[in-house]
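Read-outs throughout are calculated quantities, based only on the coordinates presented, and are distinct from any laboratory measurement. Being a predicted model, the structure only gives us computed values, none of them experimental. Here Cβ is always computed from backbone atoms with ideal geometry, including for glycine, and neighbour counts include all displayed protein chains.
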Amino acid sequence: MLKPPSGVKLCMEVVCIMFDVPPKMEADPDTPGKKIANYWDAAKAQVLNNDKKLLNDLVNYDKENISVQKINKLTPYIQNPEFAPAKIRTASIACEAMAMWAHAMHKFYHVNK
């Protein structure tokens, strides 16, 4: 996908954050001199390039050792109504599952703590 729906991009941002994949920093077309994070290109290159590895990484994620810094980055996404799995489903069924996974990891962190 060259121009994915916003729900797919949002989901890939979260997955990149969870797997410590840094975004590609690009010039902001609206604000000269400012850079914006492009998680979509990073996700295509490092997350979506091997579907079997992605599935394995999701299933075997080290949920016992999620850092507080990662949770702090994740929390605004979890609280965003646009990141609700049902909303993400309108863009992609596969991304709905990843959004559900991200919500579950966030909840697990707080229950486990």
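At a glance:
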| quantity | calculated |
| --- | --- |
| Under 13 Å from the Cα of Lys70 - aspartates and glutamates, other chains or at least 8 residues apart | Glu13, Asp20, Asp62 |
| Gain upon complete extension [Asn56, Thr31; 0.36 nm per residue less C-alpha separation] | 5.1 nm |
| Length-normalised contact order of the chain in % [C-alpha pairs under 8 Å, at least 6 apart] | 31 percent |
| Coil-residue GluC sites (Glu not before Pro) of the range 5-97, DSSP, other Cβ within 10 Å capped at 10 | none |
| Exposure proxy order (Cβ contacts within 10 Å, fewest to most) of Cys11, Cys95, Cys16 | Cys16, Cys95, Cys11 |
| Restraint check, Lys34/Lys113; Lys24/Lys107; Lys34/Lys63; Lys53/Lys113; Lys3/Lys73; Lys35/Lys113, Cα-Cα greater than 31 Å | Lys34/Lys113; Lys34/Lys63; Lys35/Lys113 |
| Orphan Cys of the chain, criterion: no other Cys C-beta under 4.7 Å | Cys16 |
| Cross-link reach list, aspartates and glutamates versus Lys9, counting only Cα pairs under 15 Å and skipping chain neighbours closer than eight places | Asp41, Glu82, Glu96 |
